[in-house]
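Notes follow the structure.
Rule-based calculations on the coordinates, nothing more; no lab input. Note that the structure is predicted; figures quoted are calculated from it, not measured. For neighbour counting, all protein chains shown are included, and Cβ atoms are generated from backbone atoms with ideal geometry for every residue, glycine included.
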Amino acid sequence: DQATSDADGTIAGPRKTLHAMMSDERVVAGDTVWAAEGNYKEGGTVNGEGTTINRVQVKGGVMLRASGSRDKTFISGANGTENKYAAGATRCVFFLPPVNEADGYGIVKGFTIRNGRTAPGRMVLNEKNEEEEVKEYGGGTTGDGLVSDCVFNANGDKPARGGSMYKGYAIRCRFKSV
């Protein structure tokens, strides 16, 4: 569970969650983080006022890549009934903006991204002290990033639950049951 740095600067050593891998401060733009086959359904970060947990946040310029088959490497959001429609629903991937424009977008490659949910719209007070609904988007992925060679499955099964993607780009991806 602890990463070490080899003499050539390569980060070695396993992490238990995608969040732990991607939040390591030594992971910077230009790096590729490899994920072993498995079901990544734990760990994550709270977004906003605690309404949506992101299973993993991908840094700008960093590639998160499955080392095996997308049929055996999953980023799982809400996991069926776990907080399926309530505040606290779980989004699969959140792309962080790049620190520097030259870093470019984060990339996710070779996963099945499944069961992502966002919280239903919530009411907040705006500058005029009036109630305003804030909508949550992107049960599968959200933010400016690139998703490549992935399968999106069962993300946001109702229009208010976020759908597969919000913003970003997809290339060579399959969308099913969305």
³J(HN,Hα) across the range 143-154 via Karplus (A = 6.51, B = -1.76, C = 1.60, θ = phi - 60°), whole Hz, x for Gly/Pro? x, 6, x, 10, 10, 10, 6, 10, 10, 9, 9, 6
Return the long-range amide H neighbours of Phe152 (sequence gap of 5 or more, or a different chain), with a cut-off of under 5 Å between placed amide H atoms. Ile113, Arg174, Phe175, Lys176
Val28: net charge of surrounding residues, Cβ under 10 Å, Lys/Arg +1, Asp/Glu -1, itself excluded? -2
Can you list the residues, at least 5 places off or on another chain, whose amide H is less than 5 Å from the amide H of Gly38, using H built in the peptide plane? Thr73, Phe74
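Please give the net charge around Ala66, taking every other residue with its beta carbon less than 11 angstrom from that of Ala66, where Lys and Arg add +1 and Asp and Glu add -1.
My count for the surroundings of Ala66 gives +1.
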Whole-Hz ³J(HN,Hα) for each residue in the range 35-44, computed from phi via Karplus 6.51 cos²θ - 1.76 cosθ + 1.60 with θ = phi - 60°, x for glycine and proline: what do you get? 10, 5, 4, x, 10, 8, 10, 10, x, x
